[in-house]
1. Distance cut-off 26 Å, Cα to Cα: go down the list Lys274/Lys294; Lys104/Lys206; Lys65/Lys259; Lys274/Lys295; Lys65/Lys294 and report the pairs above it.
2. Whole number please: convex hull volume per residue, Cα atoms of the range 1-42, in Å³.
3. In a GNM of the chain with a 10 Å cut-off on Cα contacts, which of Gly31, Gly227, Gly14 has the highest mean-square fluctuation?
4. Report Phe62's accessible area, 1.4 Å probe, all protein chains in place, as a number in Å² to the nearest 10.
5. What aspartates and glutamates sit close enough to Lys132 to cross-link, taking a C-alpha to C-alpha distance under 17 Å and skipping anything fewer than 8 places away on the same chain?
6. When the chain is fully extended, how far beyond the present Cα-Cα distance does Val129 get from His51, taking 0.36 nm per residue of separation?
7. With the Cα gyration tensor of the range 111-156 in hand, convert its eigenvalues to equivalent ellipsoid semi-axes via √(5λ) and list them largest first in whole Å.
8. With n ≥ 4 as the cut-off for DSSP H runs, can you work out [θ] at 222 nm for the chain, using -39500 (n - 2.57) per run divided by the number of residues, rounded to the nearest 500?
Amino acid sequence: MNQPSVATIGFFDGVHIGHRFLIDRLNRIAGQKGLPSMIITFPVHPRKILHDAYVPQLLTTFEEKMQHLAETEPDVLYPLEFTHTMSQLSAEAFIKQILIDQLKVNTLLIGYDHRFGKGRTEGFDDYAVYGKKYGMEVVQADAYTFEGMQISSSYIRGLLRQGDIRQANKLLTYRYRLEGTVVGGRQIGRSIGFPTANIQPGDKEKILPAIGVCAVYVWIDGIRYKGMLNIGYSPTVSTDYRLTVEVHLIDFEQDIYGKPVILEFVDYIRSELKYNSLDELKQQLILDRENAIKKLTLDSHP
């Protein structure tokens, strides 16, 4: 950055409704000051840089996150590479060397619970002192609550793991999605009239929603189809206890092996169960398909 800006900084996983509240204030402050607004975020989770074996469980890939952040219309969207050297900086050194000297931040908007610097032991009062020392104003954002609850990325991850997809989508402001590729499967579903596409998720760092059956939209070659998806171990037909992601596309008969797909989660239908026979499983799948169609027809999310 060659000119002063009003900035905020964070990992912003999911770019949820709380993040958008913060960024809205960022843009308003920047407008009042006549300065560009800037969002500073990290391409890779800082903990992954510090611990090679750490595998984050994320709501968005970096590309998805950048797309959602761009929708909030900051003047500058700045991906800051987090390094081991940066992790050793104190909060004061980070403010001076990175935010002021490198990025020319004039005003820093801090999330109500955000902490940075080695050890993450200091907070807003400390940042305000350091900012004043070097000529940067530090502003603390108000805590954002939705229906009486403070919203965080970890809270939304918990909703997805519990199967509360509708509430998670409401807080994300968009449908949770997974991208993947269609790979070969057992083809047992075809034998009972419910052919499924076995999906290999494209990013192991994105979380899977709760095990069970979900109503989903499936995007293939830019066209959206209705589907019902099962995340689980298929206990009725398998004993290898291997987690799979399989989707039955409703009123769809094309060969899509090897195709990339995007899954958009709409609602949770039921948990995974073991049935006594394939016929019993088929009868349940008929009910599941009717339920999925109903949920997708009633879905009002953009």
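The values are calculated or read from the model by the stated rules, or taken from the named source; none is laboratory data. Keep in mind that what you see is a predicted model, and the values were worked out from it rather than measured. Glycine gets a Cβ as well: all are built from the backbone with ideal geometry, and neighbour counts include every protein chain shown. Note: accessible area is taken over every heavy atom of the protein model, side chains too, but ligands, DNA and RNA are not part of it. Shrake-Rupley method; radii C 1.70, N 1.55, O 1.52, S 1.80 Å.
1. Details: Lys274/Lys294 24 Å; Lys104/Lys206 33 Å; Lys65/Lys259 24 Å; Lys274/Lys295 24 Å; Lys65/Lys294 31 Å.
Violating the 26 Å Cα-Cα cut-off are Lys104/Lys206; Lys65/Lys294.
2. Working: hull volume 2.2 nm³, N = 42.
Given the Cα convex hull of the range 1-42, per-residue volume reads 52 Å³.
3. Largest GNM mean-square fluctuation: Gly31.
4. The value for Phe62 is about 60 Å².
5. Glu92, Asp101, Glu122
6. Working: separation 78, 0.36 × 78 = 28.08 nm, distance 3.13 nm.
In short, 25.0 nm is gained.
7. Working: eigenvalues 130, 35, 9 Å².
Computed over the range 111-156, the values are 26, 13, 7 Å.
8. Values: 9 runs with 90 residues, N = 302.
It comes out at -8500 deg cm²/dmol, rounded to the nearest 500.
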